[in-house]
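The values are calculated or read from the model by the stated rules, or taken from the named source; none is laboratory data. Being a predicted model, the structure only gives us computed values, none of them experimental. So basically every Cβ, Gly included, is an ideal-geometry build from the backbone, and we count neighbours across all protein chains shown.
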Amino acid sequence: MGSTKENAQTTRVVIFGTEYSIKSDVDVETTRKVARYVNSKMAEITESISSRDNSKIAVLSALNIAGELFELKDKKENGAREITEVRDRAAAITKKIDAALKQGC
């Protein structure tokens, strides 16, 4: 979310009771949406563990979010691989149909 671009905007968000100024080149609503998601993950972790150590809650939340990201990346890669396989099969079938049509003419 961070940015080094000159056109970056600063957005104030509250995550887990602390206000942050986030400088980013994405639109303000996206920054707020991400902040709400992080906040919700931290609240979710807080409900599931006995510790009230904010650092521990933040790290566990980051690990959960990273786990979600890796899972989505794996699904995307598998989907892309399946699309390639289907495309290859379709090309092979098309060649067979073309060859059969040429023999029939």
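Remarks
- Given (1) exposed (fewer than 12 other Cβ atoms within 10 Å of the Cβ); (2) in a helix (DSSP H, G or I), index of the condition ILE65 fails: (1)
- Note on the stretch 50-105: residues that are under 30 Å from VAL38 (Cα atoms) and of a type outside the set (D, E, K, R) amount to 21.
- Total residues in the stretch 25-52, condition surrounded by fewer than 11 Cβ atoms within 10 Å (Cβ to Cβ) and more than 29 Å from ASN7 (Cβ to Cβ): 4
- You will find that of ILE22, ILE57, the residue that is touching a Ser or Thr at 6+ places or on another chain (Cβ under 9 Å) and either surrounded by fewer than 14 Cβ atoms within 10 Å (Cβ to Cβ) or free of Cβ contacts under 8 Å to residues at least 40 places away in the same chain (or both) is ILE22 and no other.
- Answer residue from the stretch 3-29, given it is among the polar types (S, T, N, Q) and more than 19 Å from ALA62 (Cβ to Cβ) and is nearest to the chain's Cα centre (by Cα) among those: SER3
- Where a residue in the stretch 61-89 is within 30 Å of THR46 (Cβ to Cβ) and its partner, wherever it lies, is of a type in the set (A, V, I, L, M), with Cβ under 8 Å and at least six apart: SER61/VAL38; SER61/MET42; SER61/ILE45; ASN64/ILE45; ILE65/VAL38
- Residue within the stretch 2-14 that is at pLDDT below 95, acidic (Asp, Glu) and not in a helix (DSSP H, G or I) present: yes
- Of the candidates ALA90, ALA58, ALA80, the single residue that is farther than 30 Å from GLY17 by Cα, within 23 Å of the chain's Cα centre (by Cα) and either assigned to a helix (DSSP H, G or I) or not aromatic (Phe, Trp, Tyr) (or both) is ALA80.
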